[in-house]
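The values are calculated or read from the model by the stated rules, or taken from the named source; none is laboratory data. All values derive from a computational prediction rather than experimental measurement. All Cβ positions, glycine included, derive from the backbone under ideal geometry; neighbour counts span all protein chains shown. Side chains included, ligands, DNA and RNA excluded: accessible areas come from the protein's heavy atoms. Shrake-Rupley method; radii C 1.70, N 1.55, O 1.52, S 1.80 Å.
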Amino acid sequence: MIPFAIGAVLITKKDNSVVEAGLTDCNAEGFSFRLSEKLDYGEIDSVCLKLFAWEADQFSSLEFGAEGLKTVEQNDFFWVYRVEETGDEYEALVRDFWKQYSQYVKWKKEGSPEQLSHFLTGYPEGEEDNFAPDFSEQKKAWSREILSNCHWDNADLEGMELALSVDSLDMLERYLQLPMEAFFRERLEGSFLTEHPISGMRPKGIFIGNSFCAHQLPTLDKILATYEKAEREGICVTLCLPCMQESYLQDRMTLIEKLWGFLERKNATMEVVVNDWGTMELLKEKTTRLIPVLGVLLNKRRKDPRMKYQREYSRSQKAPFGNALSLEAYRRRRKEEGIEIYSWEADGGTPDLPMGINILQIPYYQTNTSQMCPLYAVCKEGNRGIQYEVENCPEFCKEYVLLYPKHLHLIGRFNSLFGMALETLQDSAFLKAYKESGLKRIVLTLW
Amino acid sequence: MENEMKLVAGFGTVEEYPLYAAAGADELFCGYVPFDWNEKYGNLQPLNRREVRYVDVQIGAFEELCILHKMTEVYKKPVTIALNALCYSGEQYPRILSIVERCVAIGLDSFIVADPALLLEITRSGIPCKIQLSGELGEINTPMLEYFREVHPTRVIFHRKNTIRDMGEIIQKMQGKIPEYEAFFLNEMCHFSGAFCNSLHCDELCHLCQVPYRLGRLDATGESVLEISKPRPFSEQEDYGLGASGCGFCALWKLGEAGVTHLKIPGRGNYSGFMEQDIKSARQALNILKESKSEEEYLSRMRQDLFPAGCSRVCYYR
């Protein structure tokens, strides 16, 4: 068989129906395909050969009549047919097809994955050895890239709220110790972005907890203490809940129950970012006080810092940004459950935001997450693959990250990998473009 | 052990179906990508989680599915179609429903689904089919399964990071509500969770988890780089090793005790000979399991028969 995605045969019948057949053989003399039933030659209008041309990144087609067709094999399951007497155009097409395929196989067998990518996409060769010495230096480099090419006007963000992500227990402690202004300043300093114009804005919200790592979820006491402080400062608190393994079910139910009781007594509400459907089920009867927000682990999208090298993406510049939320019935269903706020990430593209209340996280975007912890596995076992459930997490993330080659703008934090979308902090027009799509809030992560 | 778990194996071409059925697979699964989907969306918006062009990883023509269906009538091993991409764009849903309808019409009526909107659309459409909840759907816990009971799933496929303890609790609590539970136990043990792996898996760029990394500090205190990822192989592994990329043979007794009904051997696109050997070894292990009176007896016999020279130590469950 020729691999399914690079060769096919379409048989058009006289009644205009099309039969899709697998290409079993293709050489200079002719090509073969097979069918589950015997073919009536009299019914055939044309036989179309489709071969993928890598360089053009599309299929080439050649049409033939039924007259050259013959049966070459038959067994209990299929009939194999062959087309010969194909002509010069066919021979050139097939020669080119095999040449390109052979080249791919050669690179795949003889080169490194980096070289294969280089040959096929122009992915930079040799850059995968170029690392920052530590995360601080990596952030400095990113800051330099942002500030040296910064076209920012806070007025572009008019009507949008700025919120800060407080996604680690350490960071939350600092928030509880410092006034908001001083906390914001400290976070900007940590990211070497004090000179960024966004430092002139006043955050109106904080997102506490961590959408990815269960070990960074604050205790109820800390959540309530944060709520009280934020209330005094005129700031809204949003709680991010990571996905819930079965072993955390009782804790999660208790947290939700107690938080709901607290809000009932205060006659208040709190937004809760939900990252698994089980937690959504637990919130079903509680949405009068706990307002669910569709988290990024449920609002799935294709994300990869190497997207620009991907052949189809780079050729079409058409990003695969559609997802379930582009379906009206799906949005309606979520609305019935109380979800009208959607959380997104800016990953270099411009997702079409659906109508609703949209939250955009910048500048980091998640690409990969493990329910267990790859960072723990590296630190404890010396092997990222040796993962298991960690009960008393020593928080290696307080000291360590997984560094990635500089050109990728990628970092391993907590139990996840995150891309860094520099452009979200370089040009405020990027965010302004979302305004009409209903972007209400920007959540800024400053690690 | 009394719980007789069934083996479910992935395959990439019709030729592999009889091969794997003869090797001992009880059920099989594959992907199907129609030509017009392939031509329009390519790998950028794939129909399922096999996103390469140049390797035979799934069925690419409807006639191949018809041939496959004829084979299922002879070999009597059911086939499930994987429609398990993490997300689709709005215009793709009607196309997928049409694919589901065509498959059902020829008797292939079981599907693995990972996208909640597709679950909703299939249910709304009323197409009579069986739904298996993919491990790529997200975290699997009891309330999550209660949440998705409305789509009447026939099976839950646990993801690779579910612990056996969690599986056992979930199966016990969901008894009588969802009949079947499938767990991974061989090959392709990823560093990240499938449900939360949003990066590329195309021909021209390796998986993001295979890009080199270094363990580094947050700032310049102490030695900066502490560990460097191992260099990636230049080409795919040529030598066969049972469980070399992920192994759960030692966990079979506990998986059985937990109530798992099906064991998944992923491997769509793997070398056929390797997959065939995997299935034969898994069948051998299940036979030993059936005859064993205790976990100790099973482990001793299984290790002696299958791993006389030691194992890969790439354990699915620890």
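So here's what we get for this one:
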| quantity | calculated |
| --- | --- |
| Inter-probe distance in nm under a simple model that places probes 7 Å from Cα toward Cβ, at residue A:436 and residue A:231 | 4.1 |
| Taking all pairs of distinct alpha-carbon atoms in segment A:7-110, Kirkwood radius in angstrom | 14.5 |
| Extended-chain gain in nm, criterion 0.36 nm per residue less alpha-carbon gap, residue A:329 and residue A:258 | 22.2 nm |
| Sorted peptide list for B:65-73, B:21-29, A:156-164, A:328-336, criterion being average Cβ within 10 angstrom, highest first | B:21-29, B:65-73, A:156-164, A:328-336 |
| Whether segment B:78-207 is rounded, prolate or oblate, judged on the alpha carbon gyration tensor where a/c under 1.5 counts as rounded | oblate |
| B/A buried area, accessible surface, summed, 1.4 Å probe, Å² | 9800 |
| Highest-first arrangement of A:294-302, A:106-114, A:390-398, where packing means the average Cβ count within 10 Å | A:294-302, A:106-114, A:390-398 |
| Label-point gap, in nm, between residue B:307 and residue A:269 - each point 7 angstrom along Cα→Cβ | 5.4 |
| Chain B - mean residue ellipticity at 222 nm from DSSP helices (-39,500 (n - 2.57) per run, n ≥ 4, rounded to 500) | -10000 deg cm²/dmol |
| Mean-position separation - Cα centroids, segment A:1-65 and segment B:234-302, in angstrom | 39 |
| 13 Å reach of a label modelled at residue A:99, 7 Å along Cα-to-Cβ, counting backbone N of segment A:114-153 | none |
| Residue mean of other protein chain beta carbons inside 10 Å, B:84-94 | 5 |
| Estimated distance in nm for a label pair at residue B:257 and residue B:73, the labels positioned 7 Å out from Cα along Cα-to-Cβ | 4.6 |
| Debye, to nearest 20: dipole size of segment A:135-444, +1 on Lys, Arg Cβ, -1 on Asp, Glu Cβ | 640 |
| Rounded accessible area of residue A:282 (nearest 10 Å², 1.4 Å probe) | 40 |
| Cα centre as origin, Lys/Arg/Asp/Glu Cβ charges: the protein assembly as shown dipole, Debye | 1720 |
| Chain B: C-alpha gyration tensor shape, a/c 1.5 cut-off, then a/b vs b/c | rounded |
| Rounded if a/c under 1.5, otherwise prolate or oblate - the protein assembly as shown, Cα gyration tensor axes | prolate |
| Largest-first ordering by accessible area, 1.4 Å probe, given options A:252, B:50, B:318 | B:318, B:50, A:252 |
| Entries in A:300/A:406; A:222/A:284; B:76/B:130; A:106/B:40; A:204/A:432; A:258/A:284 that, when Cα-Cα distance is taken, lie over 21 Å | A:300/A:406; A:222/A:284; A:106/B:40 |
| Cα gyration tensor of chain A - equivalent ellipsoid semi-axes, whole Å, descending | 52, 26, 22 |
| Which of A:402, A:431, A:357, positive extreme of dipole for segment A:341-447 (C-beta unit charges) | A:431 |
